[in-house]
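The values are calculated or read from the model by the stated rules, or taken from the named source; none is laboratory data. A quick note: this is a predicted structure, and the numbers were derived from the prediction, not measured. Cβ atoms come from the backbone with ideal geometry, glycine included; neighbour counts cover every protein chain shown. Note: areas computed on protein heavy atoms with side chains; ligands, DNA, RNA excluded. Shrake-Rupley method; radii C 1.70, N 1.55, O 1.52, S 1.80 Å.
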Amino acid sequence: MFLSIITSPWSTSSCVFLFFLLLLPLVSHWFSLIPGSSPVPSGQSERCQPLVWFDNGRFYLAFEGSSRGPSPLSVGLQDTLPVAAAFTETVNAYFKGADPSKCVVKITGEIVLSFPAGITRHFASQSAPPILSFSISNYHRLEQVLPNPQLLCCDSTTDPVESKEFWVNMQNLMSHLKRVAEQKPQATYYNVDMIKYQVSSEGIQSTPLNLALSWRGDPGSTDLRIDYKYNGVAMATPAPLHNIHFLVPVDGGGAKLQAMVPPATWNHEQQTVLWRIPSLSPRSENGGVGALLGRFQLTGGPSRPSQLAVQFTSEGTTLSGCDIQLVGSGYRLSLVKKRFAAGKYLADN
């Protein structure tokens, strides 16, 4: 199943506390077609939680600083309910040599809504809670959009549009939240997986990090060169890439490292070389353009060219350029988080 949320009538003494609750975001990253609610991870119920943490491929955001059971959030009948949203995208790419026409790209994403615990009690006190509606802008960039079929409704038009509106089946939402609240009485918030999608791409221009891999060698040695280039054009708003890892196995028997520029980590047992770059951006040296070089001695050469695998993340932007706006009354958007990361990001000779 997909979701969960909460509230209750509030007092003056809780206004300041609520203000801080609304500042806390949450992002989840999932690759299963079967969505699920994400309560507070076990093992954190007795200690202070970080505001944002990473677990099992997902980002989580707490509405409270510590887990003490249901949130004391209380909302009056005329007050709006806080909703946080998160866009998480994954870019998969394959580069072949230095030929940009052979680059294959697939970008997928998901939209997740997060609600503070307590809203179930608020819903229970209302005979007809307001319908939660939202629109997604830059919608024409999306392909194969898969809304949560149990929770979301939208018009059936398939024509390209700049924005598209969705509304929640509140009866299904309340029923689901009630079940989750009974199963997870100590959870302080719930994630709601709303939409999965694929982003239209334009080959190498849609990759935030361009790559070219080259191997050269003879029976006694082999040379490796990796050229890379930061590509801010691929992003809605250019943002730095962080924690970039370049991992390459070296074939050819008992390879021995001769030289690496810049310095890297050589794993003799696994016969792999790993370069780490903390971040890349337009402000990096040479505008984020560079090369990684390695030379190895071989005892069982010649070497067979192996595949390069790259990982990185970026915060505060997406590749799709999509955004979310709430439609109607009864709810307010307290925070929007955006993130993308490399999935299978590979290069061959």
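Tabulated values for the structure
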read-out	value
Segments 285-297, 301-313 sorted - mean Cβ within 10 Å per residue, highest first	301-313, 285-297
Partners for Lys164 among lysines (Cα-Cα distance below 22 Å; same-chain residues under 8 apart left out)	Lys196, Lys337, Lys338
Part-to-part distance (alpha-carbon centres) for segment 296-318 and segment 180-212, which is given in Å	26 Å
HN-Hα J in Hz across segment 279-293 - Karplus 6.51, -1.76, 1.60, θ = phi - 60°, x for Gly and Pro	6, 9, 7, x, 8, 5, 4, 6, x, x, 10, x, 9, 10, 10
Heavy-atom SASA rank of Ser114, Ser334 (probe 1.4 Å, accessible area, largest first)	Ser334, Ser114
Gyration tensor (alpha-carbon) shape descriptor, segment 171-271, a/c threshold 1.5	prolate
Sequence of Leu113, Leu346 from largest to smallest accessible area, 1.4 Å probe	Leu346, Leu113
Accessible-area composition of segment 302-347, carbon plus sulfur, in percent [1.4 Å probe]	52 percent
Carbon and sulfur %, accessible surface of segment 121-212 computed with the full protein complex present, 1.4 Å	49 percent
Distribution of pairwise C-alpha distances over segment 199-340, 5 Å bins, in %	2, 9, 17, 17, 14, 11, 10, 8, 5, 3, 2, 2, 1, 1, 0
